[in-house]
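The structure under discussion appears below in the form of structure tokens.
Throughout, read-outs are computed from the coordinates displayed, never taken from laboratory work. Because the structure is a prediction, the values reported are computed rather than measured. Reconstructed Cβ throughout: ideal geometry from the backbone, glycine too, with neighbour counts over all protein chains shown.
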Amino acid sequence: MRTRFFPILVGSFGIILLIRLFSLQILSDEYGDLSLKNSVLKQYVYPERGYIFDRNGKLLVSNQPMYDLMVVPNNLKAFDTLDLCRMLKLSKQELGFKIAKAKSYSLRAPSVLLGQISKQDYATLQEKMWKFPGMYIQRKSVRAYQTDVASNILGYISEVNYFDMETNPYYKRGELIGRQGIEKTYEKILRGKKGVTYLQRDKFNRVIGSYKDGVFDTLPVPAQDITLSIDIDLQEYGTKLLANKRGGILAIEPNSGEILMSVSTPTYAPNLLVGRERSENFKVLKQDTLNRYLFDRSLQGQYPPGSPFKVLNALIALEEGVITPKATFNCYSGHFYARGQFMECKCKPGTVNNLDRGIHNSCNTYFSNVYRRIIDKDNNAAEGINTWQRHLSSFGLGNYLGYDHPVGQSGYVPNANFYNLWYPNQRWRGATTVSNAIGQGEILMTPIQLANVAATIANRGFFYTPHFVKGIQGDFITPGFKAKRHTTIANEHFKPVVEGMANVVKKGTARIAAVRGIEVCGKTGTIENFTKINGVRTQLTDHSMFIAFAPKENPKIAIAVIVENGYWGGRWAAPIASLVIEKYIKGNVKRTWLEKRMMEGSLEAEYAKVTSNKPFNINE
Amino acid sequence: MNKLTRFDWYSLILYIILVVIGLVNIYSTMYNSSDNSIALGFIQKQVISFGLGIVLICIIQFFDTRFFERYASIIYLISIASLIGLWFFGTEVSGARSWYGIGGFSLQPSEFAKVAVALALAKFLGDFNTQIKRTKDYLGAFLIMGIPAILTLLQPDPGTALVLLGFFLVLHSEGLPSFFFTILISLFVLFISTLLLGMYWVMFAIMLLVTLNIAFQFKRKRKKVVFSAVITSLLFCGFTYSVSYIFEHIFEQRHRDRFNILLGKEVDTQGIGYNINQSQIAIGSGRFSGKGFLEGTQTKGGFVPEQQTDYIFTTIGEEWGFVGSAFVLLLFVALILRIVRVAYKQKTTFARVYCLGFACTLFIHVAINLGMVAGLIPTIGIPLALMSYGGSSLLAFSIFLGIYLRIVYQRMD
């Protein structure tokens, strides 16, 4: 007899199992969460996405219902396939394929048979739904655009991707996120916060009731509406003026920094990115590398600023005390700035230019001399150019302005380090970099930076960070947009420069920009530019550029216009800017002949030259 | 001694507690907040079986112990006959012909066969002519448990067959030559290591051990040692080979998978490993104090298959946590140890062997079921004694207990 055999056997079994239970239930962390994933379904309740209005309260973006036809393959019974195909505009094969796909995903869980059915199709379909057991319609909310313009400002929303979900745990598969534009910047405000309902489900993924009677459930936080600073009528008007031309218009209200319009052409209607055709349309827009629909020329286009930059050089020279408004330079249709190096100018030989005439005649000679005085002030080009660069950066140049739109470029302003790299051992002086004098050298600016310079001059020395949003559900936000940013130029130096800009329109290069009853101050630009065609650096027709503000006293609008390859500034940019100013300040435009010329004028022939593969002439 | 204190109240109360815990958890498992008629239906059936069990226990108390001893062989033969009868009158449920359908109820004779074998073994060993160490006698004992075991294996119901073979433990504790137990353990070790390491490594290890053994025993009678060593090593190698052969060629894939999952060779939580994985999730998610009665998410979602029968312990683990599951485990251990202790107080071999048989049957059920649910041993379909849903099992255990109570109460010289 082995009397101790059973007690030992049973005892050791008890201990082993106790240890196992302890390790499963107390030590291991793994199983607690797994069970939740398994059997508790989190269902989200989404607040309706916020509306977007323009500065005058016009509705720009709202929501519309879209309908997904869902199918639960196990509940399907024989139905009239032809009838369904006719309503959905599908072929029988396509339908069969879609059902097979749903079956392979899951027999019991619903999957989308056909997504994004329009309201019209839904109306007919809904009446006959009883004929199709196993299918039902799920309502979804997508964006509805009440405007055909401003797609570059508004941006778009799309389904979250893997990266979004990785970086922000808020987002779950299939949810929408602001992908571009205002939708992206103000995503959190526009989306609100989703609520959660926990549901108990069984092994077939069927929901069998609420989990713990909803003690963990949360309510959604409603989204807020946004009012843009954009004037949608102006935006529309600008888009029309730039039709058939590549370019951008950006207008700012100087005394608030509110962006009134931000046009980039060619553009697309925002409604193209909604509904069943979305991906097809997006592909087309994305793949057009010539028109670059998704490239915002008003925010992202970096151009040499050309002659408008001269006013900045004038301001810096005045601040540095290297010139007075009365100082004159002689121009002989240009000048030699170094041995054998001649810079042309449009002045008649023997013209004597002071600051005022230098600006309104856009004299290259005058500004070359001014620039060289700035740079070579203490016979130290490096120090001079760094001072120059410091002044420019106080205008927000060479850096991002900090506005509330996700796209943009910093532009470029060179400093001493840059030229030391190109010309080592201090072998460079003001004359070496003289292209900067007329805004052609290494400097790059975006239209919003140019418009902001105009606004700064309009304010005589300060600006507000430009921004697209005027208010969120009535309240103004972001205190940063309310702070004045002062430049390093003293207030009194603006007066002669503004005077010169007023004369540009009165008697200078942009007389066409004059508007009856409004004193417009501006500066034209004609910008040499190059591209590479088959690897060869080729000069193209100049860009037409204009910056302006109006009226001269108490300015209401500051604007920058660029028309790519439009030739001289007074040809396209100045008239367009003046029409916008007229429209904005006066409400309607009297100069319909000019309006017509702008709207109907096309530069397509100019753009076709680049791709024609044939030799071509420029500036004709 | 007082008549009332002589009665083993302790075991009876443990039995009732365990059955009631079982009822509560069967209810929770089948519970559905929108419609609890299903759960109530299950409970109703189980309560009827429970009541019937109590009634049987009471009736049995009116029998004389000698009745069971005298008619043990008859009961055994009837039981064998009922197992054979399954071929002719049995109904097939999910591939196994293990049930008699009687009206709305179905009866599983193999459950009752356990009682019969316990009685028969007790009678056989209790005979003063029987000496367990004698070859003739232990072969007889093997036969008594072997016949019903083979019959149930053929149904096929390997789980119950395993329980019947479990009486081997009783024989061992009664003094069966230790040779058998040694062989069993070494075969078990060989079996597991063959599956884990592969046939050739194990054979190599056997050879190595035998060679070392011979090398260090040169002082003794060399020839004899070498001879017996070679024979054993050959036998072991043969066993290893056959394990590997059976595993690869005779086992079906599902059997292989069960072992592989357990040995950690394969992870497939959706296919064959689903049961084990889900039951461990359920138990593990209970944490320390459980999710509460009717609150188990795994349980409510029905993720664990057969949860009201073989996997009833997962409900306890999920809803009552470590506290609850450890409590139930301790109740079982206490009941079994109690029976074992009482067994050794018995004065007749018949009574002692019967009690040990009861304890052993309970133990095998609990050990295999909990081992399987907790993922310690491969999936073998055995219900958790007293707790799992199923009338036959509960009734059989009630009868087991009834006879036990009667024998212990009457304690004869």
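Brief remarks on what is shown
- Estimated from helical segments only, the mean residue ellipticity of chain A at 222 nm is -10000 deg cm²/dmol, where each DSSP H run of four or more residues counts as -39500 (n - 2.57).
- Here the 3J(HN,Hα) profile of the range A:238-252, calculated from phi with Karplus coefficients 6.51, -1.76 and 1.60 at θ = phi - 60°, is x, 4, 5, 4, 8, 4, 6, 9, 9, x, x, 10, 9, 10, 10 Hz, Gly and Pro shown as x.
- Total charge dipole magnitude, the range B:24-149, about the Cα centre, Cβ charges on Lys, Arg, Asp, Glu only, Debye to nearest 20: 400
- By the rule of a C-alpha distance below 17 Å, with chain neighbours fewer than 8 residues away ignored, the aspartates and glutamates paired with A:Lys586 are A:Asp231, A:Asp233, A:Glu236, A:Glu253, A:Glu519, A:Glu553, A:Glu595.
- 5 angstrom amide H check on A:Asn529, placed H, neighbours 5+ away: A:Leu540, A:His543
- Amide H contacts of A:Met70 (H built 1.01 Å from N, under 5 Å, at least 5 apart or other chain): A:Leu113, A:Tyr136, A:Ile137, A:Gln138
- Candidates A:Leu273, A:Thr456, A:Leu421 compared by Cα position along the dipole of chain A: farthest toward the positive end lies A:Leu273, with charges placed on Cβ.
- Too-long pairs where the Cα-Cα distance tops 24 Å, listed order kept, from A:Lys193/A:Lys484; A:Lys310/A:Lys552; A:Lys184/A:Lys240; A:Lys310/A:Lys377; A:Lys58/A:Lys596: A:Lys193/A:Lys484; A:Lys184/A:Lys240; A:Lys58/A:Lys596
- Vicinal HN-Hα couplings computed from phi for the range A:156-170 (Karplus, 6.51 cos²θ - 1.76 cosθ + 1.60; Hz; Gly/Pro x): 8, 10, 8, 5, 5, 10, 4, 5, 4, 5, 5, 7, 9, x, 4
- Between the listed residues A:Gln116, A:Gln64, A:Ser151, the Cα displaced farthest toward the positive end of the dipole of the range A:32-177, a dipole computed from Cβ unit charges relative to the Cα centre, is found at A:Gln116.
- Highest GNM mean-square fluctuation among B:Gly357, B:Gly286, B:Gly302, for chain B modelled with Cα contacts below 10 Å: B:Gly302.
- Distance violations [Cα-Cα > 24 Å] among A:Lys495/A:Lys583; B:Lys133/B:Lys345; A:Lys583/A:Lys609; A:Lys77/A:Lys103: A:Lys495/A:Lys583; A:Lys583/A:Lys609
- Loop GluC sites (Glu not before Pro), the range A:292-353, which have at most 15 other Cβ atoms in a 10 Å radius of their Cβ (DSSP): none
- For chain B, size of Cβ-based charge dipole, Lys and Arg +1, Asp and Glu -1, in debye: 1920
- Size of charge dipole - the protein assembly as shown - debye, nearest 20, with Cβ of Lys, Arg +1 and Asp, Glu -1, no other charges: 1240
- In degrees, nearest ten, helix A:364-375 long axis to first principal axis of chain A (Cα): 70
- Once exposed loop chymotrypsin sites (Phe, Trp or Tyr not before Pro) are cut out (DSSP; at most 11 other Cβ, 10 Å), longest piece of chain B: B:289-413
- Backbone phi angles across the range B:24-38, fed through the Karplus curve with coefficients 6.51, -1.76 and 1.60 (θ = phi - 60°), yield HN-Hα couplings of 4, 6, 5, 4, 4, 5, 8, 5, 9, 4, 7, 8, 9, 5, 5 Hz in residue order; Gly and Pro are listed as x.
- Hydrodynamic radius of chain A by the Kirkwood approach over all distinct alpha-carbon pairs: 28.4 Å.
- The amide H of A:Arg143, built 1.01 Å from its N in the peptide plane, has A:Gln64 as neighbours under 5 Å, considering only residues 5 or more places off or on other chains.
- Partners for A:Lys188 among lysines (Cα-Cα distance below 19 Å; same-chain residues under 8 apart left out): A:Lys172, A:Lys470
- Cβ-based charge dipole, the protein assembly as shown, positive-most Cα from A:Pro479, A:Trp388, B:Tyr138: B:Tyr138
- Restricting the range A:314-370 to trypsin sites (Lys or Arg not before Pro) that sit in a DSSP loop and have at most 14 other Cβ atoms within 10 Å of their own Cβ leaves A:Lys326, A:Arg339.
- Inter-part distance where the range A:221-275 and the range A:72-139 are each reduced to a Cα centre, Å: 40
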